[in-house]
């Protein structure tokens with residue numbers, strides 16, 4: 001049980017490191033994108049990976065408050081991506 | 001019993017991280033906007049949802065918020081992917097290696 005808890009904590013820290021590397025890759029992709037939809041896709045992926053980092057922080061520190069932060073972040077990223085896609089497609093937002 | 005739950009949670013976390021890695025590698029390597037969109041959908045629907053299932057399994061005191069977030073992600077991920085694909089088609093981004101375009105005579109085509 002004790003050894004398994006140590007291994008689980010190591011797995012969580014390695015997964016956090018991997019997600020931070022993936023976030024930096026997506027940030028580079030937003031910076032040097034091929035076209036506007038590519039950059040918008042990178043922004044949406046950045047929001048999703050930040051949500052994954054918040055969930056991992058909730059698993060590491062055993063606090064449920066990070067899940068609430070993730071819910072707010074998911075809603076804001078969803079609305080922002082939908083509005084920007086509509087703006088790119090139709091040249092108007094509403 | 002508790003160690004079995006811990007083992008299942010560790011397995012689910014590893015699986016979700018692998019799905020996120022596969023999604024971002026597809027986002028870098030695929031040749032086209034539409035195929036890249038197919039790869040990035042996996043990160044939202046499988047990667048984060050598996051991590052949230054690990055939260056629901058392991059932190060069993062307050063599992064309702066995790067399930068609410070899983071439900072919202074299942075709802076929002078395909079809607080976002082569809083909005084981005086429709087915008088990419090309507091501003092006229094090309095598809096690579098397409099032989100026959102079925103969307104020419106539909107309402108999705110350019111006005």
Legend entry - Residues B:75, A:69 arranged by fewest to most Cβ contacts within 10 Å: B:75, A:69
Inset, instruction - Evaluate peptide A:35-44: per residue, the Cβ atoms of other protein chains within 10 Å of its Cβ; return the mean as an integer. - result: 6
Legend entry - the range B:49-109, relative contact order [Cα under 8 Å, separation at least 6], %: 23
Inset, instruction - Would you work out the relative contact order for chain B, in percent, from Cα pairs under 8 angstrom that are 6 or more residues apart? - result: 26
Inset, instruction - For the range B:12-111, just say rounded, prolate or oblate: build the C-alpha gyration tensor, square-root its eigenvalues into a ≥ b ≥ c, call rounded for a/c under 1.5, and beyond that prolate if a/b exceeds b/c, oblate if not. - result: oblate
Inset, instruction - Can you tell me the relative contact order of chain A? Whole percent, Cα pairs under 8 Å, sequence separation 6 or more. - result: 24
Legend entry - Angle between chain B longest axis and helix B:48-58 axis [Cα atoms, degrees, rounded to 10]: 10
Inset, instruction - Send over the semi-axes of chain A's equivalent ellipsoid, whole angstrom and largest first, taken as the square roots of 5 times the C-alpha gyration tensor eigenvalues. - result: 33, 16, 6
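Every read-out reported here was derived from the displayed coordinates using simple, explicitly stated rules and does not represent laboratory data. Computed from a prediction, not measured in an experiment: that's the story for all the values here. Reconstructed Cβ throughout: ideal geometry from the backbone, glycine too, with neighbour counts over all protein chains shown.
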